[in-house]
Amino acid sequence: MLTCDNNAQIYNLSDWNRRQLNKKLVEDYPFLLPRILSTDTISDDYDYQYTLFDDIPSGWREDFGVEMCEEMKKVLEKYNMLKDYRIFQLKEKFGELRIYGNWGNEEFDAVIKKYTDYSKTVCYRCGNRAVFYDMYKTGCPICHHCAEELDKSVRGNLVVIC
């Protein structure tokens, strides 16, 4: 299983290291492999430079990304859906994590809901506890430190959430 070091920045890895990390991610969590939706195939030129894990905002990815994938994997294995489950979209929408896929049941949907709800309390930029919503740029939860990094015109558009 891949572990995530909260201090690691995967975007600072060399291309070779990034591809190796992404190969491991796809081996552990095949649902992170990007596919052509209309044909359910992998692009001929796919080189592991990117996975669907990259679509998760960095703060969420670092705080709970691997843990979420592990929980999803356990449920998918339980129902023999690990190789057949496809994620169509994995993204931030309206300040929360959204995962759209081709399968679900009550147990699997509960895992998705758990992380959707949790994402509303975690800074999308760094993974710390969020205390504002950045209403100007993204509508996403954001912590004090990241809010201070934003320019003054944006800070005027933050709404306190705690």
| task | Take the Cα atoms of region 83-145, build their convex hull, and give its volume per residue in Å³. | result | 90
| query | By the gyration tensor of its Cα atoms, with a ≥ b ≥ c the square roots of the eigenvalues, what is the shape of region 39-148: rounded for a/c under 1.5, prolate for a/b over b/c, or oblate? | reply | prolate
| remark: Packing-ranked peptide list from 80-87, 29-36, highest mean Cβ count within 10 angstrom first, is 29-36, 80-87
| message | Could you check the spin-label model distance between K83 and D44? Points 7 Å from the Cα along Cα→Cβ, value in nm. | response | 2.6
| task | For the pairs K23/K93; K78/K120; K24/K83; K73/K120, note any where the Cα-Cα span goes beyond 20 Å. | result | K23/K93; K78/K120; K73/K120
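All of the numbers you see were taken from the coordinates with simple rules; none came from a lab. This structure is a prediction, so every number in the text was calculated from the model and none was measured. Here Cβ is always computed from backbone atoms with ideal geometry, including for glycine, and neighbour counts include all displayed protein chains.
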